[in-house]
1. Using 0.36 nm per residue, how much length does the chain from residue 84 to residue 177 gain when fully extended, once their Cα-Cα distance is taken away?
2. Computed over the Cα atoms of the chain, what is the ratio Rg over Rh, Rh following Kirkwood?
3. Need one number: convex hull volume per residue for region 83-176, Cα atoms only, in Å³.
4. Any of 95/187; 95/115; 13/95; 95/125 with alpha carbons more than 29 Å apart? Name them for me.
5. Using amide H atoms built in the peptide plane, which far-off residues or other-chain residues are under 5 Å from residue 153 H to H?
6. Is there a quick way to get the dipole size of the chain? I mean about its Cα centre, with the Cβ of Lys and Arg at +1 and of Asp and Glu at -1; what is the value in debye to the nearest 20?
7. So which GluC sites (Glu not before Pro) in region 75-155 end up in coil per DSSP with only 14 or fewer other C-beta atoms within 10 Å?
8. As a test of the formula, what do you get for the chain when each DSSP H run with n ≥ 4 contributes -39,500 (n - 2.57) and the sum is divided by the residue count, at 222 nm and rounded to the nearest 500 deg cm²/dmol?
Amino acid sequence: MGYYIRVLSTSSKCIPLSTIRGALVAKSQNAIIDSDEEADSDWEQCVLKHKGGPEIAAIERNLVIEGSLGSEELEEFGDEIKACLPTNAVGWLLKYFEEVKCIYAFQLLSGTEQKNGWEILDTAKSAIWNFAPSILQADAEGFSNEQGYHILWQFNDSVSGPWFMGIIRNGRWVHFQIELGNQSHRKAFFEGELPSGIEAEEGEPC
């Protein structure tokens, strides 16, 4: 199956491949977008790879229309998250899914771990994410809000490390950083609360 990161976009308009290529050039990254499709702004598949080197990610664009792969994926996500925490994030995501018009799926390949592969991947992903209001999803991690903060826990129990999170409080996002392996931080996040002793910033209305 492979490992996937996805951008769930509220726009059905296709980001031109030239826009992604321009983002790579702007950061002087030694990478290319390879596609067999002639249409710059109506593509379905492409490959992100190091120049003269291995492939970093295969990218698919799937519109969310009746009977499409994108529609099936969104339905599966809805079923998967119902038992996740925090519960108010689940509700927010289920409502947000109704607005999603397109899913860009990145299948990570061997080039991600070579040279600055992760940085290149992030540039391409961010170009798509910023093209229209969107959220992010990563396998075995969870979902973000439109600002890129993590809002739903789908990590395994052994995960650790610093992570930027978001919770809903009084109709607004609240953003902060936790240590994923800290059990008290986890418990507070599961309950949709700010962990004790953690500083936070108020974000956009949700």
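FYI, it's all coordinate maths here, none of it is from the lab. This structure is a prediction, so every number in the text was calculated from the model and none was measured. We place every Cβ from the backbone using ideal geometry, glycine too, and count neighbours over all the protein chains shown.
1. Details: separation 93, 0.36 × 93 = 33.48 nm, distance 1.97 nm.
Here the segment from residue 84 to residue 177 would lengthen by 31.5 nm.
2. Working: Rg = 17.5 Å, Rh = 17.9 Å.
Reported Rg/Rh, Kirkwood definition of Rh: 0.98.
3. Working: hull volume 11.8 nm³, N = 94.
Here the figure is 126 Å³ per residue.
4. Working: 95/187 25 Å; 95/115 39 Å; 13/95 21 Å; 95/125 23 Å.
Check vs 29 Å cut-off fails for 95/115.
5. Amide H neighbours of residue 153: 85.
6. Details: 16 positive and 32 negative charges, 117 e Å.
With Lys and Arg at +1 and Asp and Glu at -1, about 560 debye.
7. Working: sites: 75, 76, 80, 98, 99, 113, 119, 141, 146; in loops: 98, 99, 141, 146.
Those satisfying the criteria are 98, 99.
8. About -8000 deg cm²/dmol.
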